[in-house]
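Here's the structure, in structure tokens; my notes come after.
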Amino acid sequence: MEFKDAFGLFNYWIVIVLMMTGLYIVVSRGNLVKKIVGLNIFQTSVFLLYISMGKVTGGTAPILTGKPEVFSNPLPHVLILTAIVVGIATTALGLALVVRIKNAYNSIEEDEIQKLDLAAENEVDEPGARP
Amino acid sequence: MESVINMALLVFLAGTAFAILRRTTLFSVVMLSGVFSLVSAALLVHLDAVDVAFTEAAVGAGVSTVLMLSTLALTARHEAPGTRSRAIPLIVVFLTGLALVYGTLDMPRFGDPSAPVHQHVAPRYISATAHEIGMPNIVTAVLASYRGFDTLGEVTVIFTAGIAVLLLLAGTIREPTTATKITAMEHHLVLRVVTKVLIGPILLFALYVQFHGDYGPGGGFQAGVIFAAAFIIYALVFGLETAGNALPGRAVRILLALGVLIYSGTGVVSFFFNKNFLDYSVLGATAQAGQHIGIILVEFGVGMTVAAVMVSTFYAFAGQNPPIGDEEW
């Protein structure tokens, strides 16, 4: 592979690095707020993937000025623009769930929540325990 | 030079992501994620996606940071040290990353004008927008007219998410009484004066972005977020009750549904003229004029729903907040 080739793929590689960082945060960290931040990083990496693909060398923003120009692809822009706002709406939903989990368990650490769940199950299973 | 800026911003993004991974103080994690959004907005401008950058800057660095901070105030400030093994996630992530890098080797190179993505419908949008829609911003034309049906779906998703947040948090919102009044930042004189001066221009700018979206970067999505940001900053500095007097939660919930109604209603009008759903060409004297009217109406609906979802979400989060003492900031 030539050097110029690698140069043309640099954007995609950084996108993959970001995507994997986001995934790693979601999988390896137990804190629910941090998981949501990780999801946001993952999400932004997908945005950058789409927008990078839409870029044309020497192109400009797809707004007609009357002069003949080369435009970058407007379609990914449309898809990602709406996705960003949908993203914040779903992030808000996730955060609302975190707040409710905090109210119910008094913790936002996954490990502690699982422990509490297990303890509650065992209590019910014990003979003589209230149904 | 161009590619140097591109690479520098990308490396900076990766660095910020690693910093987010390493930090355990949630406050700095949230702040870094705001930085991450702002840098990615700069990168998006560089990649010619001005409309997208606009949205990312307003959403990522503004509203989402505020929502996350409200969550922190209600939950925890620090991440507990992890007990689980991190070797397996690391291996999985590394292997997945390698597989994806291998996949990119077949991709068209960055900026290649002959890439398949530029051969499908995009050339038609670029060449036909001028005479079919008659507005300079191709992104707005595609968003509101060519792919208006998609956008209606997205607005409905935002609407649904907003409703879900309200349902989840509604039961626990404290009723605002004088006893529980959040004292806000009464003694931060500079903050209060600057906010008062800023809110007018912010609202004006939101309206400009809303109605100038046909000609320059902007549109309902960006305007909605900026509009909401003005109310959020007002509520942050002057207290939730004061903001509630200016824009009651009830009114926001009505606007929330009204926006979607305006959007789909505009689509239904074309039925009466024997046209397809969301075909605006019948709304005006000429097809182009009809497109203009249709797009302005639809964008207005989008802006209304987006602003209402953001404001009502913020009200729902802030309504739960225990008053935050000054020493904690």
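The numbers here are math on the coordinates, done by the rules we state, and not lab data. Everything quoted here is computed from the prediction, not taken from an experiment. Positions of Cβ are generated from backbone atoms using ideal geometry, with glycine treated the same way; all protein chains shown enter the neighbour counts.
Counting every pair of alpha carbons in region B:196-258, the share spaced more than 12 Å apart comes to 69 percent. Based on the Cβ-Cβ distance from residue B:24 to residue B:2, what FRET efficiency comes out when R0 is 41 Å, to the nearest 0.05? So, using R0 = 41 Å, E works out to roughly 0.65.
If Rh is defined by the Kirkwood formula over all Cα pairs and Rg also comes from Cα, what ratio Rg/Rh do you get for region A:13-58?
Details: Rg = 12.4 Å, Rh = 11.0 Å.
Reported Rg/Rh (Cα atoms, Kirkwood Rh): 1.13.
Computed across chain A, the Kirkwood hydrodynamic radius from all distinct Cα-Cα pairs reaches 18.5 Å. Using bins of 5 Å that start at zero, the share of Cα-Cα pairs per bin across region B:15-77 amounts to 4, 20, 25, 21, 16, 8, 4, 1, in whole %. Three principal axis extents of the protein assembly as shown based on alpha-carbon atoms, in descending order, are 75, 59, 53 Å. For residue A:71, the amide hydrogen comes within under 5 Å of the amide hydrogens of A:60, counting only partners 5 or more places away or on other chains and with H modelled in the peptide plane.
Which number comes out as Rg/Rh for chain B once both Rg and the Kirkwood Rh are worked out on C-alpha atoms?
Working: Rg = 22.7 Å, Rh = 22.5 Å.
Dividing the radius of gyration by the Kirkwood radius yields 1.01.
For region B:1-119, a/c is not less than 1.5, where a ≥ b ≥ c are the root eigenvalues of the C-alpha gyration tensor, and a/b does not top b/c. That puts it in the oblate class. Label sites at residue B:99 and residue B:288, each approximated as a point 7 angstrom past Cα along Cα to Cβ, lie 5.2 nm apart. Charge dipole of the protein assembly as shown (Cα centre as origin; +1 on each Lys and Arg Cβ, -1 on each Asp and Glu Cβ, all else neutral): 340 debye, rounded to the nearest 20.
Rounded, prolate or oblate: which fits region B:1-45 when a ≥ b ≥ c are the square roots of the eigenvalues of the alpha-carbon gyration tensor, with rounded for a/c under 1.5 and prolate only if a/b beats b/c? Write out the running numbers ahead of the final one.
Values: a/c = 5.01, a/b = 2.15, b/c = 2.33.
The shape class here is oblate.
Restricting region B:73-174 to trypsin sites (Lys or Arg not before Pro) that sit in a DSSP loop and have at most 14 other Cβ atoms within 10 Å of their own Cβ leaves B:77, B:84, B:86, B:174.
Our helix-only sum for chain B, with -39,500 (n - 2.57) per DSSP H run of n ≥ 4 divided by its residues, gives a mean residue ellipticity at 222 nm of -22500 deg cm²/dmol.
Nearest 20 debye, what's the magnitude of the dipole of region A:3-125 about its Cα centre given +1 on Lys and Arg Cβ and -1 on Asp and Glu Cβ? Mind showing how you got there, number by number?
On the way: 9 positive and 10 negative charges, 155 e Å.
So the dipole magnitude of region A:3-125 works out to roughly 740 debye.
If you take the square roots of the eigenvalues of the alpha-carbon gyration tensor of region B:73-140 and sort them as a ≥ b ≥ c, do you get rounded (a/c under 1.5), prolate (a/b over b/c) or oblate?
Details: a/c = 6.28, a/b = 1.81, b/c = 3.47.
Oblate shape, in that a/c is at least 1.5 and b/c is the bigger or equal ratio.
Under the rule of -39500 (n - 2.57) per DSSP H run of 4 or more residues, summed and divided by the residues of chain A, what mean residue ellipticity at 222 nm is obtained, to the nearest 500 deg cm²/dmol? Mind dumping the intermediate values first?
Values: 5 runs with 96 residues, N = 131.
Roughly -25000 deg cm²/dmol at 222 nm, from the helical runs in chain A.
In region B:121-329, a dipole from Cβ-located charges (positive for Lys and Arg, negative for Asp and Glu) runs towards its positive end, and of B:131, B:164, B:191 it is B:131 whose Cα lies farthest in that direction.
Sorting B:295, A:113 by the number of Cβ atoms found within 10 Å of their own Cβ, with the fewest placed first, yields A:113, B:295.
Normalised radius of gyration (Cα atoms, divided by 2.2 N^0.38 Å) for region B:210-296: 1.41.
By counting other Cβ atoms within 10 Å of each Cβ, how are B:107, B:135 ranked from fewest to most? Could you put the intermediate results ahead of the total?
Details: B:107 18, B:135 21.
Final ranking by Cβ density, sparse to dense: B:107, B:135.
If R0 is 22 Å, what FRET efficiency do you get for residue B:197 and residue B:242 from their C-beta distance, rounded to 0.05? Write out the running numbers ahead of the final one.
Working: r = 17 Å, r/R0 = 0.75.
With a Förster radius of 22 Å, E is 0.85.
Rounded to the nearest 20 debye, the dipole magnitude of chain B is 560 debye, with +1 charges on Lys and Arg beta carbons, -1 on Asp and Glu beta carbons, and the Cα centre as origin.
On the basis of the beta-carbon distance and an R0 of 41 Å, residue B:78 and residue B:189 show a calculated FRET efficiency of 0.80. Taking every residue in B:192-201 and counting other chain Cβ atoms within 10 Å of its Cβ, the average works out to 0.
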